[in-house]
Amino acid sequence: MDRIQFMQEAILEAKKAYNEEEVPIGAVIILNDQIIARAHNRVRNLKDPTAHAELLAIKEAARVLNSERLLGTSLYVTIEPCPMCLGAAIWARIEELIYGAPDPKAGACGSLVDLMNSNFNHRPRIIKDILKDESLSLLQKFFLERR
């Protein structure tokens, strides 16, 4: 699979969130060209402000690998991670972070704040705008329906 196909898998997760009336954000974690974890936002359903797609996927990948360090992994997420999720990716030692749409209200890779220019001892490589329009349109549709 390539980057487009992995991001399509993250978008499928975002659609699950949409169908559950959650903010439609999805994530998958890849190791050796295989999906080892997938998740979507579950904040409202779990009544948990930390139940973001990225955090749920990181927890699942850590369980699968039986390690708190997700060395050699790539995290695909449909929107730019917030500070909490980017922090978790940094602490998990994720190698590569690929996201779709920027998030001017909460993005921590430069849209709102830029944690990547901090002095952390690990920084994932960032790749942005992969299937940006598809990710953004799903979010826009979700919020338009609720206004």
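The values are calculated or read from the model by the stated rules, or taken from the named source; none is laboratory data. The structure presented is a predicted model; accordingly, all values stated were derived computationally and were not measured. Cβ: placed from backbone, ideal geometry, glycine included. Neighbour counts: every protein chain shown. Surface areas here come from the heavy atoms of the whole protein model, side chains and all, with no ligands, DNA or RNA. Shrake-Rupley method; radii C 1.70, N 1.55, O 1.52, S 1.80 Å.
For residue 69, indicate whether it is over 22 Å from residue 132 (Cα atoms), in contact with a Pro (Cβ under 9 Å, 6 or more places away or on another chain), surrounded by fewer than 22 Cβ atoms within 10 Å (Cβ to Cβ) and modelled with pLDDT of 95 or more.
The answer is no for residue 69.
Which of the residues spanning segment 55-93 are more than 12 Å from residue 27 (Cβ to Cβ), part of a helix (DSSP H, G or I) and not hydrophobic (A, V, I, L, M, F, W, C)?
Across segment 55-93, the qualifying residues are 63, 83, 87.
Taking residue 3, is it in contact with a strand residue (DSSP E or B) (Cβ under 7 Å, 6 or more places away or on another chain) and open to solvent by 40 Å² or more (accessible area, probe 1.4 Å)?
Numbers: in contact with a strand residue (DSSP E or B) (Cβ under 7 Å, 6 or more places away or on another chain): yes; open to solvent by 40 Å² or more (accessible area, probe 1.4 Å): yes.
Yes; evaluated as a whole, the condition is true for this residue.
Give me the residue from segment 10-61 that is among the acidic types (Asp, Glu) and open to solvent by less than 40 Å² (accessible area, probe 1.4 Å) and, out of that set, nearest to residue 124 (Cα to Cα).
Checked segment 10-61; the qualifying residue nearest to residue 124 (Cα to Cα) is 54.
Among all residue pairs at least 6 apart or on different chains, which show Cβ distances below 8 Å where the first residue, located in segment 120-135, is under 13 Å from residue 97 (Cβ atoms) and the second is in a loop (DSSP other than H, G, I, E, B) and open to solvent by less than 70 Å² (accessible area, probe 1.4 Å)?
122/93; 124/94; 128/80; 128/102; 129/102
Can you tell me which residue is modelled with the lowest pLDDT among those in segment 95-147 that are open to solvent by 60 Å² or more (accessible area, probe 1.4 Å) and in a strand (DSSP E or B)?
Looking at the filtered set, the residue picked out is 114.
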